[in-house]
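Contents: one structure, followed by commentary.
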């Protein structure tokens, strides 16, 4: 017998992925993270850059003469420090760059910071919670390398977004027609680097906490630190007692870095860089040394038994959304309380600035703005409406989670009508709006009482936040019912931001009146001083009711998770 030796083909080594796919695509963890972040990168970088260009064009057109620029500077400098608040320092505001730095410069880093927080809090923690990260970690790649590739991917897309903002500032500077309007390359680069480092610092807090606390708690704490630093830094000049707390965050450290106004403070950026690097290193090491997905959530009180259980969809929605509603209400309430409590300083400083008092009289004829209510109308309502819209997005997301998580299939297997799930759940969302608005009203009332001002008028005026939130919730319910609940919360957030953009930037850009009137926030009148516009009240109620009805009708006619 003869035996034939079987020949086995030689093992073929794995072919490395092309370099292009490793940079962008499925060839590496880094490339996939870049690919997954492409939309958010373009949205943040291109949108902020476009706003800078459009606003610059509006400023150049509106204030086209040296005399008009001088008058603009005089008006800005006449604003009492307590009213400058969340705007920047009035340095060289007669120039295009100085005014951009003063009016919009401090707000854009806040937007980029929120994006960075959401991205870095979930880049590892969210995948670990879903279970997909275990499959990636089982591949021949170390956990440290995995974490670093995801981290470097976020840094890379953040650099791309900052580069788009840098190019936009260069273009904006070329639009200037008066001496001093040019924005040098060093100034544009200084602003883009500052924005990127502040966003990275905020995200690094979430990245360091996520392995210990999970995505939700890490994002919440990082967001609280960021918002607190932004607000405290804005008011530390008017309220010196806040300065020690403001200087605990990167907003306070870099308060003197105003590159578009021609003022630089590069050492402060070095400090921000060091803190960000340390926190990012903590996050990487925590991921390497801890079990995947094992977190220690912050202990919170349990909900009362009457708010949880297996009752109808309205009760379930109220119970599920109650923690979020309380959190938003406490945040808005404390914010309103602090502003209302500082209203006395506003009244005193307004008395020392007759020029600004005359300006307010010309803008608001027949209305006494020299009150706590007037102060809140100028400073609280605009920012409060945006926060109320985002709070509504959070509550809508809680309602939508039944379908997006797959629970709704089990619920509808019971004797629960599809129409009732939407209608009753929508009413539960409206109850959540009432909870957080009630806490905001309480904060305003306590703050106004602490300075001996009128309590009822600003407290009732705070209900405008509830009207706007109800309208935005109606938008979310309509989108969730017609299109899919996965789009409900993003739709509310987008409509809120677009409304803010039209309301704030529309007049400066001389948009047609038919466009600016689309902003619902323009139709509430002056609620903090008792001047209400009935059109806004009726429109908000109509949008809320119509949204609930449309969502109920649409959901009854589509498949689940469409």
### Task
Along Cα→Cβ, 7 Å out, is where each label goes; now give me the distance between the ones at residue 70 and residue 510 in nm to one decimal.
2.3 nm
#### Entry: Estimated distance in nm for a label pair at residue 266 and residue 358, the labels positioned 7 Å out from Cα along Cα-to-Cβ
4.5 nm
### Under 14 Å from the residue 111 label point (7 Å along Cα→beta-carbon), backbone N, region 31-50
40-50
### Message
Using a 7 Å offset from the Cα along the Cα-to-Cβ direction at both residue 559 and residue 189, what is the distance between the two label points in nm, to one decimal?
### Response
5.5 nm
### Message
Averaging the inverse of every distinct alpha carbon separation and then flipping it gives the Kirkwood radius. What is it for region 22-294, in angstrom units?
### Response
19.6 Å
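Wrap a convex hull around the Cα atoms of region 388-492, take a quarter of its surface area, and give that in square nanometres.
On the way: hull surface 27.7 nm².
The orientation-averaged projected area of the Cα hull of region 388-492 comes to 6.9 nm².
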#### Entry: Measure of compaction for region 147-293 (Cα Rg per 2.2 N^0.38 Å)
1.18
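Quick one: if the Förster radius is 35 Å, what FRET efficiency do residue 40 and residue 348 give, using the C-beta to C-beta distance and rounding to 0.05? Display every interim value, and only then the final one.
Working: r = 45 Å, r/R0 = 1.27.
It comes to 0.20.
Ranked highest first by the average count of other Cβ atoms within 10 Å around their residues, in what order do 255-265, 203-213 fall?
Values: 255-265: 20.3, 203-213: 26.7.
Per-residue Cβ counts within 10 Å, averaged per peptide and sorted highest first, yield 203-213, 255-265.
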### Query
What order do you get for 163-173, 467-477 when each peptide is scored by the mean count of other beta carbon atoms within 10 Å, highest first?
467-477, 163-173
### Task
Give me 532, 266 ranked fewest to most by other Cβ atoms within 10 Å of their Cβ, as a rough exposure proxy.
266, 532
### Message
Only counting other Cβ atoms within 10 Å, I'd like 557, 510 sorted with the fewest neighbours first.
### Response
557, 510
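Given a cut-off of under 8 Å on Cα pairs at least six residues apart, what relative contact order in percent is computed for region 22-294?
Working: 406 pairs, mean separation 70.7, N = 273.
Normalised by residue count, the contact order of region 22-294 is 26 percent.
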### Query
How would you rank 89, 177, going from fewest to most other Cβ atoms within 10 Å of each one's own Cβ?
177, 89
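We did not get these values from a lab; they are worked out from the coordinates using the rules stated. Remember, it's a predicted structure, so these values are computed and weren't measured experimentally. Methodologically, a virtual Cβ is constructed for each residue, glycine included, from the backbone with ideal geometry; neighbour enumeration extends over all protein chains shown.
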